[in-house]
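Colleague: Here it is, the structure, as structure tokens.
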Amino acid sequence: MSAHIDKDEMPVASGSFEPKIMAFVCNWCTYAGADLAGTSRMEYRPNVRIIKLPCTGRIDPLFILKAFENGADGVLVSGCHPGDCHYTTGNYHARRRWIGFKSLMEFAGIDMRRLHFSWVSASEAIKWVDLINKVTDEVKALGPFMEYKGLKENELE
Amino acid sequence: MPRIGVFVCQCGNNIAATVDTKKVAEEMARIPGVVYTCDYKFMCSSPGQETLKQAIKENNLDGIIVSACSPHMHEKTFRKASEAAGLNPYQCEITNIREQCSWVHHDNTKATGTVKSIDLTRMTIQRLKKNQPLKKIKIPVKKKALVIGGGIAGIQAALDIAEGGREVILVEKEPSIGGNMARLSETFPTMDCSQCILTPKMVEAELNENITLYTYSEVEKVDGYIGNFTVTVRRKSKYVDEERCTGCGECTEKCPFKVESAFELGLNKRKVIYTPFPQSVPNIPVIDAPNCPKIQKDKCGACAIVCGPKCIDFKMEDKLETVEVGAIVVATGYQLMPNERFGEYGYGRIKDVISGLQFERLASSSGPTGGEIRRPSDGKVPESVVFIQCVGSRDEKKGVSYCSKICCMYTAKHTKLYSHKVHGGQAYVFYMDIRSGGKRYEEFVRGAIEHDGAMYLRGRVSRVYEKNGKIIVQGADTLSGSQVEIEADMVVLATAVVSREGADSLAQRLGIGYDKHKFYNEYHPKLKPVETVTAGIYLAGSCMGPMDIPDSVAQGSAAASKVLALFSADEMAREPITSVVNKVTCNACWDCLTACPYTAIERDAIKDRKGNIVKWVARVNDGVCQGCGVCVAVKIH
């Protein structure tokens, strides 16, 4: 999870801001849904970076904080629909954790419009495409996430 | 310092069209720890894999990354190649730069794709640096299969597995196996009688000593994993002792009560103690408890009086049976969309508007009319019949978006059957398009039109109503551009094929995926058509989507071959992606234990030399752990 995201490498078209979106997705539904978008040659914004996990239940809330800490402007969590979890109940854990963690995130100074949670199944390529476009546009409108900028460096000092 | 190799695949032009693979490879070479990079036309090809193996050996690599297609495609291929070159296969990681990059970003200047590919590959390098070599887990396989659903697909799967020398339990919800195919009259495109080709297979399934039939039973609970499933089957009470019943039929004959027959789709009545149809397998009747006065009110009991071997037991209760199997084939089939949804066609309101399956029963020699086409209202032979296709299919607003696939063919068959049985009768078909792809299918439809005189009208029906004992069908003929009105004696609706009621809850019990129509998802639509994402569970037939008999049979056999392949070895190697406990920091909070959906975590005592317990820690059972990681995320320590 320690891929440091370097903002300088994003293509910046005539000075416009291109956000980095970190997506934590499960292997069985959303990852396969994103694959299907590719197989169907759909097109969506290039800002998303997917991290594949076995299940949304594997997502430690700290991953989300870490992503922001490392320069993400928005974070997306997506997995199987309720009842469809490959591991039967992992996404319920994720959902419960999400509800509790959301308030903490707000307390930690993160605009909730930067954080998205969704269910995308393996057959919902269109939903995935729409979701990425929507999240990217929304975060783009918010501008870069500056609150944590330099946090790591300061800590080191 | 690690020694990492990065291989960037061009995938012909699939990746190279929008990603500068050379640039990606060059960029990766600058990352500390990366000692070898290259880009290649097809990494998955034999020369591609050779390049990879050679590079591992020559550069003494301890980890590799292949930036190529989705890991769901070729992760196995490259891990195998790595292993062949002496590298631990789990030191090989895939970056998905095709499905999730080159194919979804159509920027021909390659700027977008290249930047993203560089990013994604860098992420994988960081991941690889944290990897540890893993060893495959060996687990024993129980060489017994469970087939859910006793339609033609399930029967075929069971027979094939049994012929391969393995034991099979075939679970069927209804009192008899046979499924929807047992209802059909003749089958397209050969016009051979459905029961004539099905019943021998049903009997074969009953007599095969490797097959155990659990009819009138349903799967209640599924635990375990590939090779080691524990399945709880509810064996509904038949109120008849299966061991002693001889199938003489005396009880059915003497039963004084009649209710609507579900098998005959309401076209006929059956007794309360019944077998669904004469050729039922097993030929053992069941008592329909909610309708039986003896069971409900302790009145009657005629069947028990006439029963020679005294095998009727009104106190019999459902039994829960637990079976242990190594593989499961799901073949639960389809049903038709309820016609009541289509008020404009008069179903439910007009008695002589029936569904395609009901027409099958009318045309079947074992059906309520003995194979004569007589309309349900007054038993008159219809002089003209209107067939309406695509009722609910290809109709996103009122029905389903997909094509039900079998209706064009069975409607053509119906018109043939009708014209063969009612000489001088006129069949009209309202259709949207004729979809007759398949061996000898198009010729079959042409035959119905040209030889048997069915009148095909391209257009939709707007209204169906009764007038002077006739059914008036109003519709459009779009080819002549006119409105048509047909006086018919009977109307047959080719209603959409939909998933079985309760398909979703069964999928949830099995842990397999399904689409928005509740049809089960195959692992891969082209390359893994009968596998599911849950290892050891396979699919066959129309539980996956509308399917005709040849396809269902082919899939039954395909699923059986997968099961037999699994059973060919005593042990199978499992992916070693399981959770690990750090015994030093574990403080026995047992949060992981309660979170685990597989009960794979146990309490383990660490003892000193004298046998005193020093500490309790969690321990993961590698055979049971599926690697979901829920336990890892709940832990605080």
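Colleague: If you take the charge dipole of the range B:158-305 about its Cα centre, with +1 on Lys and Arg Cβ and -1 on Asp and Glu Cβ, which of B:Ile287, B:Tyr225, B:Cys300 is farthest toward its positive end?
Modeller: B:Cys300
Colleague: Of the DSSP beta bridges with both residues in the protein assembly as shown, give the percent that are antiparallel, rounding to the nearest 5. Spell out each step's value before the answer.
Modeller: Numbers: 53 of 119 bridges.
In the protein assembly as shown, DSSP labels about 45 percent of beta bridges as antiparallel.
Colleague: Using the charge dipole of the range B:591-634 (Lys, Arg: +1 at Cβ; Asp, Glu: -1 at Cβ; taken about the Cα centre), state which of B:Thr594, B:Asn612, B:Cys628 has its Cα farthest towards the positive end.
Modeller: Of the candidates, B:Asn612 comes out farthest on the positive side.
Colleague: If you average the C-alpha positions of the range B:277-315 and of the range B:204-271 separately, how far apart do those two centres end up, in angstrom?
Modeller: Each part reduced to its Cα centre gives a spacing of 13 Å.
Colleague: With +1 on each Lys and Arg Cβ and -1 on each Asp and Glu Cβ, and nothing else charged, work out how big the dipole of the range B:335-498 is about its Cα centre, in Debye to the nearest 20.
Modeller: Details: 23 positive and 19 negative charges, 72 e Å.
With Lys and Arg at +1 and Asp and Glu at -1, about 340 debye.
Colleague: Treat the protein assembly as shown as a sphere of radius equal to its Kirkwood radius over Cα pairs and apply Stokes-Einstein at 10 °C in a medium of 1.306 mPa s; give the translational diffusion coefficient in µm²/s, rounded to a whole number.
Modeller: On the way: Rh = 30.0 Å.
This corresponds to a translational diffusion coefficient of 53 µm²/s.
Colleague: Hey, another quick one. Using just the helices of chain B, give the 222 nm mean residue ellipticity in deg cm²/dmol: DSSP H runs with n ≥ 4 each add -39,500 (n - 2.57), and the total is spread over all residues, rounded to 500. All intermediate terms of the calculation are to be shown ahead of the outcome.
Modeller: On the way: 16 runs with 167 residues, N = 637.
When only DSSP H runs of four or more count, the value is -8000 deg cm²/dmol.
Colleague: Only four residue types carry charge here, +1 at the Cβ of Lys and Arg and -1 at the Cβ of Asp and Glu. Report the dipole size of the protein assembly as shown about the Cα centre in Debye, rounded to the nearest 20. Let's see the in-between values first.
Modeller: On the way: 102 positive and 94 negative charges, 249 e Å.
The calculation lands at about 1200 debye.
Colleague: Can you sort B:Val498, B:Val391, B:Val147 by how many other beta carbons sit within 10 Å, fewest first?
Modeller: Numbers: B:Val498 23, B:Val391 28, B:Val147 34.
With the fewest neighbours first, B:Val498, B:Val391, B:Val147 line up as B:Val498, B:Val391, B:Val147.
Colleague: Once you charge only the Cβ atoms, +1 for Lys and Arg and -1 for Asp and Glu, what is the size of the charge dipole of chain B about its Cα centre, to the nearest 20 debye?
Modeller: Working: 83 positive and 74 negative charges, 345 e Å.
Dipole of chain B, to the nearest 20 debye: 1660 debye.
Colleague: What is the Rg over Rh value, at two decimals, for the range A:18-156, using alpha-carbon atoms and the Kirkwood definition of Rh?
Modeller: Taking Rg over the Kirkwood Rh, I get 0.97.
Colleague: While we're on this one: Points 7 angstrom from Cα along the Cβ direction at B:Asn60 and B:Tyr465: gap in nanometres?
Modeller: Between B:Asn60 and B:Tyr465, the simple spin-label model gives 9.1 nm.
Colleague: Would you work out which of B:Thr578, B:Asn60, B:Thr534 lies farthest towards the positive end of the dipole of the protein assembly as shown? Charges go on Cβ: Lys and Arg +1, Asp and Glu -1.
Modeller: Result: B:Thr578.
Colleague: Let me ask something additional. Which ordering of B:Trp616, A:Trp98, A:Trp119 is given by a fewest-first count of other beta-carbon atoms within 10 Å?
Modeller: Numbers: B:Trp616 14, A:Trp98 18, A:Trp119 22.
So the ranking, lowest neighbour count to highest, is B:Trp616, A:Trp98, A:Trp119.
Colleague: Which loop trypsin sites (Lys or Arg not before Pro) in the range B:348-411, with loop taken from DSSP, have no more than 15 other Cβ atoms within 10 angstrom of their Cβ? Don't skip to the end; give the middle numbers.
Modeller: Details: sites: B:Arg349, B:Lys351, B:Arg361, B:Arg374, B:Lys380, B:Arg394, B:Lys397, B:Lys398, B:Lys405; in loops: B:Arg349, B:Lys351, B:Arg374, B:Lys380, B:Arg394, B:Lys397, B:Lys398, B:Lys405.
In loop regions of the range B:348-411 (DSSP not H, G, I, E or B), the sparsely surrounded trypsin sites (Lys or Arg not before Pro) are B:Arg349, B:Lys351, B:Lys380, B:Lys397, B:Lys398.
Colleague: Take B:Asp515 and B:Ile606, extend 7 Å from each Cα along the Cα→Cβ direction, and tell me the distance between the two endpoints in nm.
Modeller: 5.2 nm
Colleague: If you don't mind, there's one more thing I want to ask. Relative to the longest principal axis of the C-alpha atoms of chain B, give the angle of the C-alpha long axis of helix B:549-566, reported between 0 and 90° and rounded to the nearest 10°.
Modeller: Roughly 40 degrees, rounded to the nearest 10.
Readers should treat all values here as calculations from the given coordinates under stated rules, not as data from a laboratory. Remember, it's a predicted structure, so these values are computed and weren't measured experimentally. Methodologically, a virtual Cβ is constructed for each residue, glycine included, from the backbone with ideal geometry; neighbour enumeration extends over all protein chains shown.
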